[in-house]
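Reviewing the structure listed below.
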Amino acid sequence: MENTLKTIDSKELSPSLQAKAIISGLTRRGFLLLTATLGSCAVADPLLGTVRPSAKPGSSAIKTPSNTGYQTPRIRGTVPTNPDMTMGTDFSSKSGISFSRVLVSGKYIALTFDDGPHPQNTPRLLNMLRARNIKATFYVIGRNVELYPQVVRRTVAEGHEIGNHSQTHRLLSKLSDSQIRSELSRCRDAVNRAAGVQPRTMRPPYGGLNQRQREMVHAEYGYPVILWSVDPLDWKRPGPAVVSSRILAGASAGGIVLAHDLHAQTVDAMPATLDNLLLRGYQFVTVSQLLAMKNNSPVHQTAVAPAAH
Ligand code: NI
């Protein structure tokens, strides 16, 4: 825990998140007491106040806190590790509305895990990621965030990114605009209460969101809609070896891998998957880092898509 606190870049954290990072090292009783105290600070903290007004289409870069500056304490020896990533996480709202991959010149790849947090499988996955210095993006369900806020807190404290996967995981394309807003706002607020950060991107459950709805969500929340380029169908529980081989077969530079951290088999598949991708030269980034790369390297947008590896 001491390492964690020393290595978090305070400039990238809101005061509330700094406080929460500190309390994560306390006992549950101490935590509850401090939570009550923090609640009264919430009004003063714009991040914990009401909804950030919508980003105007075409306006400046989206700026919400992230903690990707966190550097994992070095664990030497047993597994390959991802290099430290110092790249930015700010992307422009002009960079696009929907993404299933991003054209980049390097062998960068973004791992995403949906439908958590899960009280056992997510922490187990976090241990695997930490050992390899890998940062991922977690598209959480607001209802689960409310059940296991401490897992989201740890996820954020360890430098991962949180995305909005709605409050109750309904098929958003079948809902009214006001119901979609409710689903996204409630999830966003649950993440904010749990960990003091706001999601910066969203993934619709089942990938279901029509173009008009995507534009509405992008205009009102500033969220790019993040789909995927690799789907191992891990929710069908085909076994860890199959999950792993499907991800390895589909991996490519600029790719976005879809997986689900609530399934034990998916987490079981990760050590071999991660080590194999690292040995093949992939570097893991969060979704915002991947989007920021597109933003910062316009030349890559016109490049020929790299072949799959
Ligand atoms: Ni889902």
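A quick yes/no check of all residues on (1) at pLDDT below 95; (2) open to solvent by less than 20 Å² (accessible area, probe 1.4 Å); (3) outside any loop (DSSP other than H, G, I, E, B):
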position	(1), (2), (3)
105	yes, no, no
112	no, yes, yes
122	no, yes, yes
125	no, yes, yes
139	no, yes, yes
143	no, no, yes
150	no, no, yes
155	no, yes, yes
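Inside the range 102-116, can you point out the residues that are within 16 Å of the ligand (Cβ to nearest atom) and either out of contact with any His (no Cβ under 6 Å at 6 or more places or on another chain) or not acidic (Asp, Glu) (or both)?
Within the range 102-116, the subset within 16 Å of the ligand (Cβ to nearest atom) is 111-116.
Hits for the range 102-116 are 111, 112, 113, 116.
Just to be sure, is residue 179 among the polar types (S, T, N, Q) and over 19 Å from residue 135 (Cα atoms)?
yes
Of all residues in the range 82-103, which are modelled with pLDDT of 90 or more and in a loop (DSSP other than H, G, I, E, B)?
If we filter the range 82-103 for residues that are modelled with pLDDT of 90 or more, which is where we start, we get 82, 96-103.
Within the range 82-103, 82, 96, 97, 100, 102, 103 qualify.
Identify, please: which residue in the range 176-230 is farther than 16 Å from residue 140 by Cα and hydroxyl-bearing (Ser, Thr, Tyr) and is, among those, most open to solvent (accessible area, probe 1.4 Å)?
If we take residues in the range 176-230 being farther than 16 Å from residue 140 by Cα and hydroxyl-bearing (Ser, Thr, Tyr), then 178 is most open to solvent (accessible area, probe 1.4 Å).
Taking only the range 89-113 into account, find how many residues are within 15 Å of residue 223 (Cβ to Cβ), charged (D, E, K, R) and touching a strand residue (DSSP E or B) at 6+ places or on another chain (Cβ under 6 Å).
1
Which one of these is out of contact with any Cys (no Cβ under 6 Å at 6 or more places or on another chain) and more than 16 Å from the ligand (Cβ to nearest atom): 137, 155?
Every option except 155 fails the conditions.
The values are calculated or read from the model by the stated rules, or taken from the named source; none is laboratory data. Please read all numbers here as calculations on a predicted model, not as lab measurements. Please note: Cβ atoms are built from the backbone with ideal geometry, for glycine as well, and neighbour counts cover all protein chains shown. Calculation scope for accessible area: heavy atoms of the full protein, side chains included, ligands and nucleic acids excluded. Shrake-Rupley method; radii C 1.70, N 1.55, O 1.52, S 1.80 Å.
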